[in-house]
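Heads up, the thing below is written out as structure tokens.
The values are calculated or read from the model by the stated rules, or taken from the named source; none is laboratory data. Bear in mind that the values here come from a model prediction, so they are computed numbers and not experimental data. Using ideal geometry, Cβ is built from the backbone for each residue, glycine included, and neighbour counts are taken over all protein chains shown.
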């Protein structure tokens with residue numbers, strides 16, 4: 001029986017932005033902030049576009065709300081990413097090695113810092129630290145697989 005196959009690839013354009021802050025720690029932190037902040041803002045654009053299509057109309061008020069959400073989400077997730085990247089780099093420098101443990105420790109510290117900054121108390125900070133460490137470690141292991 002004859003069969004047909006399809007082969008191809010999909011690629012996206014790569015955009016590199018280099019910001020030199022004079023320190024590798026600051027460079028990585030700002031890079032993480034900008035990249036993840038942009039992703040978060042783009043997520044809001046897609047969500048708001050969906051809502052506009054669903055409603056069938058758009059207003060100046062909707063656009064202003066969408067812009068505020070983009071800025072808020074971009075700043076929040078950019079800050080979280082910046083803290084994480086800085087913590088992971090700091091762990092690498094302190095420990096003198098580059099392995100998954102840096103991701104785990106950086107994620108745990110980031111989870112604790114973000115939780116504490118959100119006025120969480122006690123057990124919530126610990127749980128968020130555990131979650132941050134687990135997510136960062138899982139992401140690091142998945143990164144090794146690809």
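From 4, 14, 43, which residue is under 13 Å from the mean Cα position of the chain (by Cα) and either more than 14 Å from residue 84 (Cα to Cα) or at pLDDT 90 or above (or both)? Reasoning before the result, please.
Details: 4 fails: under 13 Å from the mean Cα position of the chain (by Cα); 14 fails: under 13 Å from the mean Cα position of the chain (by Cα).
When all the criteria are applied, what remains is 43.
Look at (1) outside any helix (DSSP H, G or I); (2) in contact (Cβ under 8 Å) with a residue 12 or more places away in the chain and you find that residue 98 fails only one, number (2). In this structure, is residue 131 closer than 26 Å to residue 15 by Cβ and either out of contact with any helix residue (DSSP H, G or I) (no Cβ under 6 Å at 6 or more places or on another chain) or in a helix (DSSP H, G or I) (or both)? For residue 131, the condition - closer than 26 Å to residue 15 by Cβ and either out of contact with any helix residue (DSSP H, G or I) (no Cβ under 6 Å at 6 or more places or on another chain) or in a helix (DSSP H, G or I) (or both) - is not met. For segment 116-146, a residue qualifies if it is surrounded by 20 or more Cβ atoms within 10 Å (Cβ to Cβ) and under 23 Å from residue 30 (Cβ atoms), and the qualifying residues are 132, 136.
Would you mind stating whether residue 31 is free of Cβ contacts under 8 Å to residues at least 60 places away in the same chain, under 14 Å from the mean Cα position of the chain (by Cα) and either in a loop (DSSP other than H, G, I, E, B) or surrounded by 10 or more Cβ atoms within 10 Å (Cβ to Cβ) (or both)? Outline the logic, then answer.
Details: free of Cβ contacts under 8 Å to residues at least 60 places away in the same chain: yes; under 14 Å from the mean Cα position of the chain (by Cα): yes; either in a loop (DSSP other than H, G, I, E, B) or surrounded by 10 or more Cβ atoms within 10 Å (Cβ to Cβ) (or both): yes.
So residue 31 fits the description; yes.
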